[in-house]
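The values are calculated or read from the model by the stated rules, or taken from the named source; none is laboratory data. What you see is a predicted model; the values in this text were computed from it and never measured. Cβ: placed from backbone, ideal geometry, glycine included. Neighbour counts: every protein chain shown.
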Amino acid sequence: MKFARVIIGMNSPEIDRVFDYRIPERYEGIALQGVRVIVPFGRKNTKTEGYILSLSEDSEVLPEKLKDITEVLDGGKPIFTPTMLKLAEWMKEKYFCTMNQCLQAIMPTGIRTKSIWYVSINKANELQGYNQAERIVLDTLQEMGAEVELKELEKVLGQGAKNVLQELQRKNMIHLKQRLLRSDYKKEKRYYSIDSASPLLENTRKKAQQDKRLLGQQKIIELLMEKGECTLEEIKSYGISDSPIKTLLCKGILLERREEGKREVFSLENYEKTQPFHPTTEQAKALEAIEAQLLEPKKRPILLHGITGSGKTEIYMQSIAKTLALGKQAVVLVPEISLTPQIMERFISRFGKVVSITHSRLSAGERLDQWKKARDGEISVMIGPRSALFMPFSNLGMVIVDEVHENSYISDITPKYDAREVAKQLAKETGSVFIMGSATPDIVTYHRAVKGEYLLLELKERTGGGCLPKMHIVDMCRELEDGNRSPFSRVLQEEMGKNLKKGQQTMLFLNRRGYATFVSCRSCGHVMRCPECNISYTYHGKEGDLICHYCGKTEKTPKVCPVCNSKYIRYFGAGTQKIEEEAKRLFPEARILRMDLDTTLKKDSHSKILQSFRDGEADILVGTQMIAKGHDFPNVTLVGVVAADSSLNTGNFYAPENTFQLITQAGGRAGRADDTGRVYIQTYQPKHYCITNAAKQDYEGFYKEEILLREMMGYPPFGIFFSIVISGQNEKETMDGAESLGRILEAENELGNFFIMGPVPATLSKFRGEFRQRVLIQGTNEAELILFARKGVENCKKINKKEIRFNLTLNPMNIV
Ligand code: ADP
Ligand code: ZN
Ligand code: ZN
């Protein structure tokens, strides 16, 4: 092949296409598909990292315009398998971003070549004929040193310096030099041995034996003569320093051998091998169905719906064992927060060294080495959040997504891909079995399973024994009526007191999601909602206005409740801090820990707080939903869901679904072997179907109610949302852009196939100095909806040449 089609490693949408490069002779046979290269790019032939998408015998580019590939990286070992390249193409379409952004998401982190520009004064040129501005630049440059990083210089000189620098370069008074910075995180092992053929050996040995100052040399020679080859670490373990090693190397007495090693992320010695459990009847049925899918040429995605402790993880492990027996590999996605030492231990103990783990707490080098192990066929199972998907396995056979309802699977940096969707696509492309597991699947997924698009496997019993906790609903309207204004109901206070006396632990949840507050009546529980969208209004403190973040309808906050005329209608919101204070006031002797965004800003503070609670260093843990997930606290017997309403009224149609999940998870924390576990759900809406079903742990009951409502409102799975966020530095331009997008969409919507809402200020209406507006489109046909939205944005871009950006999301989780 003579030509390579290369994606340039830069993010600008204008260059989001392949560029042809000639493959010079020396790179023939190693400049292959998926390989990383350095190419000259642009008018100035800046050296840039690129990725070969494909090869070709010919090119349509004029021969005189074609450039050569400068360098092939990674020794010609592809950084992308053909599967990953296909996946990137798919992600690009799905998440409205550039190919390079997708490749960056897939590529191991930290290895991308960095480019740094340096400026220096051209000493060969007489410095004359410069103006005032140029003189300042030259003086500054001289002061800062011989060679100055361009970025640093621009920082010192400010924005205006760019043009001056360009002019100086044109006049040949300064040089600009590019350096490429590469981190390959190679971990080399060094081995040393004696070269017995060395003519200096005998002499040196004798000298070293006689001269005390040469003790180091003597030790090395004796050691290596006895043991043969040793690693550097071994030699050093005898108290030998670097200097005698160096001397002997120089003399040619020592031979050095370097070998690339891979970092280990765990040590097998710390784990004891476990055997598979004999499956229960339910498990056996599920396993049989999964095994059948493994052999099926046309596979169906599987939803494994089972309550916590029903043995899902055991099923994953036994299914993986079957996959490995077929000579295939498996990937297991676990939300970052649930990837606890306990879960890692289960997989490592079962599978030993064929399993590895990747997650964000590992160093870039450690992560890269796990990636290499997958590439080199040294491991067959990878566990991790999102990035575990992108392992270069050669023959993937199973993709598992645990806790599939978790929205943390959505990446928060561009491309904002949903790892669950990518996992499904990866399974489809590789012909792998795809398993989604959850105790509380999201409504859309469950609906697909009920309709037969997915294979539904259900586990209804707890294998490990243990009872579900007793769930109680507490009517907070009654508390107020009876004069209790504390955020804790009387019964919860009483139970907390009992737990303290018994030395058992309590968890208090405040499932508050972010910023949105709502307005509700404390007497009758009525929540102010948009009549059009059936979504709770969001309260905007400053103006006292209520706004629907779907359609933009606004209302003034009423002075009295429109239902019961009570004056106790106001915005809702107590923070974790307030809950902590109140608990302290009620129980001054209790040791209380708090976990929320404020207390977990520092690295590792999250796991430290949880560990100290597990170790019994506190009686009460107060926190947001982050304490609900995935952790096991054997001494917790009481859980208080302090304000279920705060997640029930987030101004998002996912609110009931999320609340059901949170209460179920919270309940899971109090599930114990004996029957002492109890949960109190405090709410102003005790009759809400979400609360009543959650209290009964009745997922199906909840699903039946929720799906009716979704159908009525045309919400997913019956309708599809598309969100366009318009953002810019200038408030008016952003508003105008959003308005014009709204008008364009309305005009194009002749047939009325779509429902266009907004523009409305986005929930984060101002973020990082940018103003943000949002238009929401609702439709029923996904392909048509995407086309419609994209066309609208394109047309809007044409008439708005201003500095505004459009961020497109299909099926946004965060509608508000
Ligand atoms: P889940 O993933 O659904 O929460 P797990 O797989 O963690 O459930 O199982 C819960 C507990 O039951 C674990 O301690 C597990 O080791 C144990 N377990 C799972 N399957 C069996 C079985 N067939 N027999 C006995 N114990 C089992
Ligand atoms: Zn009321
Ligand atoms: Zn509305």
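Selection of the stretch 787-811 for residues being part of a loop (DSSP other than H, G, I, E, B) and under 17 Å from GLU93 (Cβ atoms) yields only ASN811. Within the stretch 493-506, identify whether any single residue is under 23 Å from HIS688 (Cα atoms), of a type in the set (A, V, I, L, M) and either modelled with pLDDT of 90 or more or assigned to a loop (DSSP other than H, G, I, E, B) (or both), and answer yes or no. Within the stretch 493-506 (the criterion being under 23 Å from HIS688 (Cα atoms), of a type in the set (A, V, I, L, M) and either modelled with pLDDT of 90 or more or assigned to a loop (DSSP other than H, G, I, E, B) (or both)), the answer is no, since none of the residues qualifies.
Of all residues in the stretch 560-591, those satisfying the criterion of being of a type in the set (Lys, Arg) and out of contact with any strand residue (DSSP E or B) (no Cβ under 8 Å at 6 or more places or on another chain) are LYS567, LYS578, ARG585.
Among residues that are more than 30 Å from GLU188 (Cα to Cα), of a type outside the set (Asp, Glu) and exposed (fewer than 14 other Cβ atoms within 10 Å of the Cβ), PRO301 is not included.
Among the residues of the stretch 557-578, is any in contact (Cβ under 8 Å) with a residue 12 or more places away in the chain, within 16 Å of ligand 3 (Cβ to nearest atom) and among the hydrophobic types (A, V, I, L, M, F, W, C)? Scanning the stretch 557-578, I find no residue that is in contact (Cβ under 8 Å) with a residue 12 or more places away in the chain, within 16 Å of ligand 3 (Cβ to nearest atom) and among the hydrophobic types (A, V, I, L, M, F, W, C), so the answer is no. Inspect the stretch 356-366 for any residue being out of contact with any Leu (no Cβ under 7 Å at 6 or more places or on another chain), more than 16 Å from ligand 2 (Cβ to nearest atom), hydrophobic (A, V, I, L, M, F, W, C) and closer than 27 Å to ARG462 by Cα and give the result as yes or no. No, the stretch 356-366 contains no residue that is out of contact with any Leu (no Cβ under 7 Å at 6 or more places or on another chain), more than 16 Å from ligand 2 (Cβ to nearest atom), hydrophobic (A, V, I, L, M, F, W, C) and closer than 27 Å to ARG462 by Cα. Considering the conditions (1) part of a loop (DSSP other than H, G, I, E, B); (2) of a type in the set (Ser, Thr, Tyr); (3) over 24 Å from ASN811 (Cβ atoms), THR650 is excluded by exactly one of them, (3). Any chance the stretch 360-377 includes a residue that's at negative phi, surrounded by 23 or more Cβ atoms within 10 Å (Cβ to Cβ) and in a loop (DSSP other than H, G, I, E, B)? No.
Looking only at residues that are under 29 Å from the mean Cα position of the chain (by Cα) and part of a strand (DSSP E or B) in the stretch 546-599, which one is farthest from ligand 1 (Cβ to nearest atom)? The qualifying residue farthest from ligand 1 (Cβ to nearest atom) is ARG594. In summary, no helices (runs of 4 or more DSSP H) completely within the stretch 119-192 bear 1 or more residues that are touching a Gly at 6+ places or on another chain (Cβ under 8 Å) and β-branched (Val, Ile, Thr).
For the stretch 452-469, the criterion of being at pLDDT 90 or above, in contact with a helix residue (DSSP H, G or I) (Cβ under 6 Å, 6 or more places away or on another chain) and closer than 30 Å to VAL527 by Cα is satisfied by no residue at all. Just so you know, in the stretch 205-229 the residues that are farther than 17 Å from ARG190 by Cα and among the small types (Gly, Ala, Ser) include one that is farthest from the chain's Cα centre (by Cα), and it is ALA208. Could you list, ordered by first residue, the pairs with Cβ atoms under 6 Å in which the first is in the stretch 108-124 and touching a residue at least 24 places away in the same chain (Cβ under 8 Å) and the second is in a loop (DSSP other than H, G, I, E, B) and surrounded by 16 or more Cβ atoms within 10 Å (Cβ to Cβ), at least 6 apart or interchain? Close Cβ pairs (under 6 Å, with a partner that is in a loop (DSSP other than H, G, I, E, B) and surrounded by 16 or more Cβ atoms within 10 Å (Cβ to Cβ)) amount to ASN122/MET173. Exactly one residue out of GLU739, GLU705 is out of contact with any helix residue (DSSP H, G or I) (no Cβ under 7 Å at 6 or more places or on another chain), among the charged types (D, E, K, R) and surrounded by fewer than 21 Cβ atoms within 10 Å (Cβ to Cβ): that is GLU739. Can you say whether GLU226 is loosely packed, with under 11 Cβ neighbours inside 10 Å and assigned to a strand (DSSP E or B), as far as the supplied structure shows? It is false that GLU226 is loosely packed, with under 11 Cβ neighbours inside 10 Å and assigned to a strand (DSSP E or B).
Note on the stretch 723-767: among residues that are of a type in the set (A, V, I, L, M, F, W, C) and in a loop (DSSP other than H, G, I, E, B), the one that is modelled with the highest pLDDT is PHE754.
Each residue in the stretch 541-569 was checked for being among the charged types (D, E, K, R), modelled with pLDDT under 85 and surrounded by 14 or more Cβ atoms within 10 Å (Cβ to Cβ), and 2 of them qualify.
Taken over the stretch 676-702, the criterion of being crowded, with 21+ Cβ neighbours inside 10 Å, in contact with an Asp or Glu (Cβ under 7 Å, 6 or more places away or on another chain), of a type outside the set (Phe, Trp, Tyr) and in a loop (DSSP other than H, G, I, E, B) is satisfied by GLN685 alone. Here the stretch 653-675 is the region considered, the condition is being outside any helix (DSSP H, G or I) and acidic (Asp, Glu), and the residue that is surrounded by the fewest Cβ atoms within 10 Å (Cβ to Cβ) is ASP674. Condition (residue is modelled with pLDDT of 75 or more, among the aliphatic types (A, V, I, L, M) and more than 16 Å from ligand 3 (Cβ to nearest atom)) applied to the stretch 513-530: is it met by at least one residue? No: the stretch 513-530 contains no residue that is modelled with pLDDT of 75 or more, among the aliphatic types (A, V, I, L, M) and more than 16 Å from ligand 3 (Cβ to nearest atom). Out of all the residues in the stretch 174-186, which are surrounded by 14 or more Cβ atoms within 10 Å (Cβ to Cβ) and over 30 Å from ILE121 (Cβ atoms)? Answer for the stretch 174-186, where residues must be surrounded by 14 or more Cβ atoms within 10 Å (Cβ to Cβ) and over 30 Å from ILE121 (Cβ atoms): just TYR185.
Evaluate the stretch 482-492: report whether one residue or more is surrounded by fewer than 17 Cβ atoms within 10 Å (Cβ to Cβ), within 26 Å of VAL636 (Cβ to Cβ), in contact (Cβ under 8 Å) with a residue 60 or more places away in the chain and among the β-branched types (Val, Ile, Thr). Checking the stretch 482-492: at least one residue is surrounded by fewer than 17 Cβ atoms within 10 Å (Cβ to Cβ), within 26 Å of VAL636 (Cβ to Cβ), in contact (Cβ under 8 Å) with a residue 60 or more places away in the chain and among the β-branched types (Val, Ile, Thr). Screening the stretch 1-58 for strands (runs of 3 or more DSSP E) wholly inside it with 1 or more residues that are among the small types (Gly, Ala, Ser), within 30 Å of PHE96 (Cβ to Cβ) and touching a residue at least 40 places away in the same chain (Cβ under 8 Å) returns the ranges 3-8, 46-56.
The set of residues from the stretch 403-433 being among the aliphatic types (A, V, I, L, M) and either within 14 Å of the chain's Cα centre (by Cα) or part of a loop (DSSP other than H, G, I, E, B) (or both) comprises VAL404, ILE410, ILE413, ALA419, VAL422, ALA423.
Scan the stretch 193-208 residue by residue and report those that are out of contact with any helix residue (DSSP H, G or I) (no Cβ under 6 Å at 6 or more places or on another chain) and assigned to a helix (DSSP H, G or I). If the condition is that a residue be out of contact with any helix residue (DSSP H, G or I) (no Cβ under 6 Å at 6 or more places or on another chain) and assigned to a helix (DSSP H, G or I), then LEU201, GLU202, ASN203, THR204, LYS206, LYS207 are the ones that fit. None of THR430, THR440, THR414 is of a type in the set (Val, Ile, Thr), away from ligand 1 (no atom under 16 Å from the Cβ) and either over 16 Å from PRO297 (Cα atoms) or buried (at least 24 other Cβ atoms within 10 Å of the Cβ) (or both) except THR414.
Within 32 Å of the chain's Cα centre (by Cα), away from ligand 1 (no atom under 16 Å from the Cβ) and in contact (Cβ under 8 Å) with a residue 24 or more places away in the chain - does that describe any residue in the stretch 237-254? Looking through the stretch 237-254, none of the residues is within 32 Å of the chain's Cα centre (by Cα), away from ligand 1 (no atom under 16 Å from the Cβ) and in contact (Cβ under 8 Å) with a residue 24 or more places away in the chain.
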